[in-house]
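K.L.:
Following this message is one structure expressed as structure tokens.
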Amino acid sequence: MKDMVTADIQQVKLKFGIIGNSEGLNRAIDIAIQVAPTDLSVLITGESGVGKEHFPKIIHQNSSRKHGQYIAVNCGAIPEGTIDSELFGHEKGAFTGAIGERKGYFGEADGGTIFLDEVGELPLSTQARLLRVLETGEFIKVGSSKVEKTNVRIVAATNVNLSQAIIDGRFREDLYYRLNTVPIKIPPLRERKDDIYLLFRKFASDFAANYHMPPIQLTDDARRVLMTYPWPGNIRELKNITEQISIIEKKREIDAATLQTYIPLHEESRFPTLVPHVGGRQGGGFESEREILYKVLFDMRSDVTELKRLVGEIMSERKAGGQTAPSSAVPYYPGHADVQLMTVPVKPVPATIDISAPVKPPVSDVQDTDEHVKESLSLDDAERELIKKALEKNHGKRKSAAKDLNISERTLYRKLKEYGWE
Ligand SMILES: Nc1ncnc2c1ncn2[C@@H]1O[C@H](COP(=O)(O)OP(=O)(O)OP(=O)(O)O)[C@@H](O)[C@H]1O
Ligand SMILES: [Mg+2]
């Protein structure tokens, strides 16, 4: 494969800041370069955090459309009620609030490229409109009867299994085949082991340069831990963990024991069957329901631990500030306590949130923490606090907050609506 790493591939990596030299990554970049000059639709698949978002840009930039518009649409973030209008435009008065006419992305991107991220989240009615525009280049604005023409190239991405969505009746099979004219699969990090250390070094040195400090380094043992961890959150998770260690650890040489405190599932070494890549398995996926169940249980345990810490921290902060008001008194996000925690996907609390494990509450409050945790173990309150924190951290940007929370933007949107925080 090494001789397949052409100058073009290297150039793309440099231009887009892509680190890694594994066969799977090089192959994916190579396909993107080859398919770019055509108008074929491309479907990019891969787990969350593998780096899918680089690929539509590579394709657009290497195509004859590069001087045309490039519009990235997060299909999971747009409410169902407005998605057709956003994509295809609407006529004046098409619905309540449609005071003016709107062109829509398919009209605007004529001659360019549209990136449909999280395409599996598109409502079925929108899927029908999308299929039509892909097949004939025709679309109709909401509230209009006039057929319009556009010439748009579609690159779509998903981290969900669309075959399952088809079986469940949530995704049209004909649209799947139309989008998937050229598939590009980005392999998970655990199948690109040689890239793990390269990425770690890059993130450590970027962080060090930004904050004017020496970069962290790993002992040999720590390096082995880094390489054998399955990285379910892929490069996003690796980046977060590298940054956390860079900030929190005073020493710059990190040993295995220290590294393990930052890796959420390091307990799994006691349960070898939990590690999908151990034992020469192919494909990197979970191969039995039992493994998935174990994973969910560990994730839940990790969630509960994080929630306890979070609640403890919040209570400590309140105590320190003499604040006794409930969370609904916090400015900007007045809300209600009637939220069902069960509706949040069970995933580890993302490492980017400042309240991550290694941050200890102020010493003076430690003895009170347990008591407060007991008092405030209302999970729905904790959920709202978590969402509030994520929004504050991301300066109100829902997309980034949803990413931090590991939920879709649509779920976040729905929750904000439920709380009355819109
Ligand atoms: N090869 C790489 N080199 C450097 N940084 C990378 C690489 N791949 C991904 N990243 C970084 O990792 C983070 C996650 O990547 P990205 O947002 O593309 O993930 P994704 O596949 O779209 O995930 P999701 O399905 O959750 O949206 C981004 O900050 C991205 O810049
Ligand atoms: Mg993405």
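The values are calculated or read from the model by the stated rules, or taken from the named source; none is laboratory data. Keep in mind it's a predicted model, so treat the numbers as computed, not measured. Cβ: placed from backbone, ideal geometry, glycine included. Neighbour counts: every protein chain shown. Areas reflect the complete protein model, heavy atoms only, side chains present, ligands, DNA and RNA absent. Shrake-Rupley method; radii C 1.70, N 1.55, O 1.52, S 1.80 Å.
K.L.:
Roughly speaking, what is the stretch gain from residue 103 to residue 380, that is 0.36 nm per residue apart minus the C-alpha to C-alpha distance, in nm to one decimal?
P.N.:
95.7 nm
K.L.:
Something else now. Using Cα-Cα distances under 8 Å and only pairs 6 or more residues apart, what relative contact order does the range 63-179 have, in percent?
P.N.:
On the way: 204 pairs, mean separation 33.0, N = 117.
Dividing the mean separation by the residue count of the range 63-179 yields 28 percent.
K.L.:
Go ahead and run the numbers for FRET between residue 201 and residue 181, Cβ-Cβ distance against an R0 of 45 Å, rounding to 0.05.
P.N.:
Calculated value: 0.75.
K.L.:
Can you give the extra length, in nm with one decimal, that the chain gains between residue 253 and residue 422 once fully stretched, where that is 0.36 nm per residue apart less the Cα-Cα distance?
P.N.:
Stretched out fully, the residue 253 to residue 422 stretch lengthens by 56.4 nm.
K.L.:
When the Cα centres of the range 100-126 and the range 176-208 are compared, how far apart do they sit, in Å?
P.N.:
That distance is 26 Å.
K.L.:
How big is the range 2-187 in terms of Cα radius of gyration and Dmax, in angstroms?
P.N.:
17.1, 59
K.L.:
Compute the distance in nm between two label points, each set 7 Å from the Cα along the Cα-to-Cβ direction, one at residue 149 and one at residue 167.
P.N.:
Reported label-point gap for residue 149 and residue 167 is 4.2 nm.
K.L.:
Could you check the simple spin-label distance between residue 393 and residue 261, using points 7 Å along Cα→Cβ, in nm with one decimal?
P.N.:
1.9
K.L.:
Which order, highest average first, do 171-177, 65-71, 92-98 follow once you tally other Cβ atoms within 10 Å for each residue and take the mean per peptide?
P.N.:
Per-residue mean Cβ counts within 10 Å order the peptides as 171-177, 65-71, 92-98.
K.L.:
Past 24 Å, Cα to Cα, is the threshold; run 397/417; 66/146; 15/202; 103/389; 15/251 against it and keep the listed order. Kindly include the intermediate steps, with their values, before the conclusion.
P.N.:
Values: 397/417 15 Å; 66/146 29 Å; 15/202 15 Å; 103/389 36 Å; 15/251 33 Å.
Pairs exceeding the cut-off: 66/146; 103/389; 15/251.
K.L.:
Between residue 317 and residue 193, how high is the FRET efficiency from 1/(1 + (r/R0)^6) when r is the Cβ-Cβ distance and R₀ = 56 Å? Nearest 0.05.
P.N.:
Computed FRET efficiency for residue 317 and residue 193 comes out at 0.85.
K.L.:
Using label points projected 7 Å from each Cα along Cα→Cβ, tell me how many nm separate residue 11 and residue 124, to one decimal.
P.N.:
Taking the simple label geometry, residue 11 and residue 124 are separated by 4.7 nm.
K.L.:
What residues qualify as long-range amide H neighbours of residue 184, i.e. H under 5 Å apart, gap of 5 or more or another chain, H built at 1.01 Å from N?
P.N.:
Answer set, sorted by chain and number: 43, 44, 45.
K.L.:
Can you give me the % of accessible surface on the range 126-190 that is carbon or sulfur? Probe 1.4 Å, all protein chains present, nothing else counted.
P.N.:
Within the range 126-190, the accessible surface is 48 percent carbon and sulfur.
K.L.:
Taking 0.36 nm per residue of separation and subtracting the Cα-Cα distance, what length does fully extending residue 220 through residue 64 add? Walk me through the numbers on the way to the answer.
P.N.:
On the way: separation 156, 0.36 × 156 = 56.16 nm, distance 4.72 nm.
Residue separation times 0.36 nm, minus the Cα-Cα distance, leaves 51.4 nm.
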